[in-house]
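Notes to accompany the following structure.
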There are 2 protein chains.
Amino acid sequence: MKTLKVVKIGGNIIDNEKTLQTFIQQFAQLEGPKVLVHGGGKLATQLSKAMNVEVKMVEGRRITDADTLDIITMVYGGKINKNLVALLQASNCNAVGFTGADGNSIVSVKRPVKTVDYGFVGDVTKVNIGIPSLLLNTGVTPVFCAITHDGKGQLLNTNADTITSELAIAFSEEFKVELYYCFEKSEVLEDVNDESSVIQNINSANYKTLLENGIIADGMLPKMKNCFHALHGNVSKVCIGKTEMLFNENVLYTTLTL
Amino acid sequence: MKTLKVVKIGGNIIDNEKTLQTFIQQFAQLEGPKVLVHGGGKLATQLSKAMNVEVKMVEGRRITDADTLDIITMVYGGKINKNLVALLQASNCNAVGFTGADGNSIVSVKRPVKTVDYGFVGDVTKVNIGIPSLLLNTGVTPVFCAITHDGKGQLLNTNADTITSELAIAFSEEFKVELYYCFEKSEVLEDVNDESSVIQNINSANYKTLLENGIIADGMLPKMKNCFHALHGNVSKVCIGKTEMLFNENVLYTTLTL
C-alpha cells in the first residue's frame, strides 16, 4: 500500500498571504500522493460583515442560514479553494478543487434540530473516494474545502476537522494514511507557557491521564475525538502540530496512536 | 471516436431557479459524454453592488480589478459552479466543477494593456484536456466556469463563449465534438419579429450574405466568430438556439458548418 498524506490547514495559514505562499511551495514538494483540506479563516466573517449578513454563533459554532451558506460556498468553495489550486499549479503541483458535491465525494445529512437549529450544516454519512483516488493515482492532488452535499441538490456547511478525519478513514481502504492537523502553534503542551514541552506521544492509555490532569481540555477535546475516530477507522498515524512538522524533522509535534 | 456534447448556458438559465432546475434534470439525462460550461448571469453584478464594488464596463465588457476578480471567483467558481454540481448529483449525473486552474485545464495570459486596461482578464493560450478527459471516460461530467489561470498563481476572468470554443477544439483530439450555445430565444432569425423564421443552416458561403444584409450584426458577431473558430479547429458541429434544442427534436435551431 502506498502512503497517502492527508493534511488539514486552518485559518491562520489562509489569512496570511506570505505564510500561505510559503506553505504551498513546501507542500507542493512533499513526495508521494497527498490531499489538502482547508478551513475558512476570517474571510467568511469579513464577507458577512461587508454584506450585512449577521454572524450567529452558538457555543463557538456558526449558525448557517441560507445567506451564510451562500457566503461559505463563495468563500470556501470559490475564493480560497480556487486560489489554493492556482498557487499549487504555480508550484508544479497539479491539483483539483473539491467540495463534497464534486465527484459525489462527501455525502451528508442536514443536522436534525434538537435544542439548536444549526441551519444548513451537514453531518457526514458517506465518503466516496472513487474520483479523488482516480486523480491521486495520476499524480493529482485533491484540495477539499469544508462543504458537503445531501445528494438532493443541497450544499451543506461541514466542520473541516471532521471532513479531514472522514476522508482519511475512507482513503485507508486504498492507502496507508497519515493524517496531519496543522496549527499555528504547538497545541499539546505539558506546560502551556513552554513551547518546547510538546507531548510527543499520546495513546489511549496516557490520554486518560492527560484528560484527568486538565492538560487536554476545552477546544482540544473535539479535535482529539476526531483523531481517535480516525485511528479507530484504520488511519495509520495522526499528527498534531505546527505546520513545519511536515517539512522539518527537527520540529516537535504530537503523534497519536491507539 | 465517441461523440462529446459541449454545452454552454448563459445567465438567463442561471438567474431563474425553476428554469435552471428543469434544465439540469434534462441535461443530466443526455446520453453519452458531456461537458457543461456556464456564464455568470446577474449574480456577480448583484454581489458587486452589495459589497459596494463599482461595476466598470467598457463596450459591454467588464473591467476586472482585484475586488471584481474576487467576486467573480466567489460567484462563478463558488456559488454557481458548486450549486450546479450539487443539482447534477441530485439528478444522478456525477459531476466535478472546474476552473481553468483545476487540473491545469485552461491556461491564459493576462490581456496586454492597449487602449483599455481590462485588468485581470485572461486570453486563452493552452487547453490541457488530460484530467477532464480522464473523468469523462469514467462517466463524470466536467462543469466549467469562466475562470482561467496564468500558471503563475493568478486566476483570470475569461469570456465564457471563448472558453467553450477552446475546450471544444481541444476535446476534438479525442472526441467527435458537438458544440451547443444555448440561449433564451432563437438568436438567428430571418425576421427579428418572427420566432419561427430561424435560419437553420449557416455556412461560409451564406454567412457572407447574412452579414451584408445585416441579419447577423452587433452582439452576434463575436459569437459567430467563436463558432467558426471552433469549426476551423475540427469541432464537428456547432449549434445555436434555444436550450430546448438539446432535448426536443421539434425545436428549430441554427447549425453552422464550414
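The values are calculated or read from the model by the stated rules, or taken from the named source; none is laboratory data. A quick note: this is a predicted structure, and the numbers were derived from the prediction, not measured. So basically every Cβ, Gly included, is an ideal-geometry build from the backbone, and we count neighbours across all protein chains shown.
In this entry, B:I163 passes the filter for residues that are under 16 Å from the mean Cα position of the chain (by Cα), crowded, with 21+ Cβ neighbours inside 10 Å and under 30 Å from A:E17 (Cα atoms).
Going by the conditions given, is B:I13 at pLDDT 90 or above and under 16 Å from the mean Cα position of the chain (by Cα)? Break it down into steps so the answer makes sense when it comes.
Details: at pLDDT 90 or above: yes; under 16 Å from the mean Cα position of the chain (by Cα): yes.
Answer is yes for this residue.
Scanning segment A:31-74 for residues that are within 14 Å of another protein chain (Cβ to nearest Cβ) and in contact (Cβ under 8 Å) with a residue 60 or more places away in the chain returns A:L36, A:H38, A:G40, A:T68, A:L69, A:I72, A:T73.
A:A50 fulfils the conditions (1) touching a Phe, Trp or Tyr at 6+ places or on another chain (Cβ under 7 Å); (2) over 19 Å from A:V143 (Cα atoms); (3) modelled with pLDDT under 95; (4) of a type in the set (A, V, I, L, M, F, W, C) except for a single criterion, (1). On the given criteria, is A:H149 surrounded by fewer than 20 Cβ atoms within 10 Å (Cβ to Cβ) and at pLDDT 95 or above? Against the criterion (surrounded by fewer than 20 Cβ atoms within 10 Å (Cβ to Cβ) and at pLDDT 95 or above), A:H149 does not qualify.
Can A:G122 be described as part of a loop (DSSP other than H, G, I, E, B) and not β-branched (V, I, T)?
No, not satisfied.
Taken over segment A:200-214, the residue count meeting the criterion of being touching a strand residue (DSSP E or B) at 6+ places or on another chain (Cβ under 8 Å), farther than 15 Å from A:K225 by Cα and among the β-branched types (V, I, T) is 0.
Residues are listed down the side, and each one gets a yes or a no for (1) modelled with pLDDT of 90 or more; (2) hydrophobic (A, V, I, L, M, F, W, C):
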{"residue": "A:E178", "(1), (2)": "yes, no"}
{"residue": "A:I199", "(1), (2)": "yes, yes"}
{"residue": "A:D218", "(1), (2)": "no, no"}
{"residue": "A:T255", "(1), (2)": "yes, no"}
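So which residues in segment B:80-120 are among the β-branched types (V, I, T) and either surrounded by fewer than 22 Cβ atoms within 10 Å (Cβ to Cβ) or facing chain A (nearest Cβ under 7 Å) (or both), if there are any at all?
The initial filter retains those residues of segment B:80-120 that are among the β-branched types (V, I, T), namely B:80, B:85, B:96, B:99, B:106-107, B:109, B:113, B:115-116.
Of everything in segment B:80-120, those that are among the β-branched types (V, I, T) and either surrounded by fewer than 22 Cβ atoms within 10 Å (Cβ to Cβ) or facing chain A (nearest Cβ under 7 Å) (or both) turn out to be B:V85, B:V96, B:T99, B:V107, B:V109, B:V113, B:T115, B:V116.
Among the residues of segment A:125-142, just one is of a type in the set (G, A, S) and either away from chain B (no Cβ under 12 Å) or in a loop (DSSP other than H, G, I, E, B) (or both), namely A:G139. B:L36 passes every criterion in (1) within 20 Å of B:K82 (Cβ to Cβ); (2) assigned to a loop (DSSP other than H, G, I, E, B); (3) not charged (D, E, K, R) apart from (2).
Assess whether B:G77 counts as being within 17 Å of B:I9 (Cβ to Cβ), at the interface with chain A (Cβ under 7 Å from one of its Cβ atoms), touching a residue at least 12 places away in the same chain (Cβ under 8 Å) and touching a strand residue (DSSP E or B) at 6+ places or on another chain (Cβ under 9 Å). Spell out the reasoning first.
Working: within 17 Å of B:I9 (Cβ to Cβ): yes; at the interface with chain A (Cβ under 7 Å from one of its Cβ atoms): yes; touching a residue at least 12 places away in the same chain (Cβ under 8 Å): yes; touching a strand residue (DSSP E or B) at 6+ places or on another chain (Cβ under 9 Å): yes.
Yes; evaluated as a whole, the condition is true for this residue.
Out of B:D65, B:D15, B:D70, I need the residue that is charged (D, E, K, R) and either crowded, with 23+ Cβ neighbours inside 10 Å or in contact with a helix residue (DSSP H, G or I) (Cβ under 7 Å, 6 or more places away or on another chain) (or both). Which one? It would help to see each step written out before you state the result.
Working: B:D65 fails: either crowded, with 23+ Cβ neighbours inside 10 Å or in contact with a helix residue (DSSP H, G or I) (Cβ under 7 Å, 6 or more places away or on another chain) (or both); B:D15 fails: either crowded, with 23+ Cβ neighbours inside 10 Å or in contact with a helix residue (DSSP H, G or I) (Cβ under 7 Å, 6 or more places away or on another chain) (or both).
Only one candidate passes the filter, namely B:D70.
Within segment B:208-218, the set of residues being under 22 Å from the mean Cα position of the chain (by Cα) and touching a residue at least 24 places away in the same chain (Cβ under 8 Å) comprises B:I216 only. Residue count for segment A:136-149 satisfying the condition of being farther than 16 Å from B:N83 by Cβ, touching a helix residue (DSSP H, G or I) at 6+ places or on another chain (Cβ under 7 Å) and touching a residue at least 24 places away in the same chain (Cβ under 8 Å): 6.
Looking at A:G151, is it small (G, A, S), within 9 Å of chain B (Cβ to nearest Cβ), closer than 21 Å to A:M74 by Cα and in contact with an Asp or Glu (Cβ under 6 Å, 6 or more places away or on another chain)? Lay out the reasoning, then the answer.
Working: small (G, A, S): yes; within 9 Å of chain B (Cβ to nearest Cβ): yes; closer than 21 Å to A:M74 by Cα: yes; in contact with an Asp or Glu (Cβ under 6 Å, 6 or more places away or on another chain): no.
Spelling it out, it is not the case that A:G151 is small (G, A, S), within 9 Å of chain B (Cβ to nearest Cβ), closer than 21 Å to A:M74 by Cα and in contact with an Asp or Glu (Cβ under 6 Å, 6 or more places away or on another chain).
On the basis of being touching a helix residue (DSSP H, G or I) at 6+ places or on another chain (Cβ under 8 Å), more than 28 Å from A:N52 (Cα to Cα) and assigned to a helix (DSSP H, G or I), does A:G103 make the cut? Outline the logic, then answer.
On the way: touching a helix residue (DSSP H, G or I) at 6+ places or on another chain (Cβ under 8 Å): yes; more than 28 Å from A:N52 (Cα to Cα): yes; assigned to a helix (DSSP H, G or I): yes.
Taking the combined requirement at face value, the residue satisfies it.
In segment B:3-18, the residues that are of a type in the set (D, E, K, R) form Cβ pairs under 7 Å with partners that are in a helix (DSSP H, G or I), at six or more places apart or across chains, as follows: B:K8/B:A160; B:K8/B:D161; B:K8/B:T164. Here B:L155 clears all of (1) out of contact with any His (no Cβ under 6 Å at 6 or more places or on another chain); (2) at pLDDT 95 or above except the condition numbered (1). When B:L211, B:L221 are checked against the criterion of being out of contact with any His (no Cβ under 7 Å at 6 or more places or on another chain), more than 14 Å from every other protein chain (Cβ to nearest Cβ), of a type in the set (A, V, I, L, M, F, W, C) and under 18 Å from B:K8 (Cα atoms), a single residue qualifies: B:L221.
Quickly run through segment B:161-194 and pick out the residues that are aliphatic (A, V, I, L, M) and not in a helix (DSSP H, G or I).
Step one: list which residues in segment B:161-194 are aliphatic (A, V, I, L, M), which gives B:163, B:167-170, B:177, B:179, B:188-189, B:192.
Within segment B:161-194, B:V177, B:L179, B:V188, B:L189, B:V192 meet the criteria.
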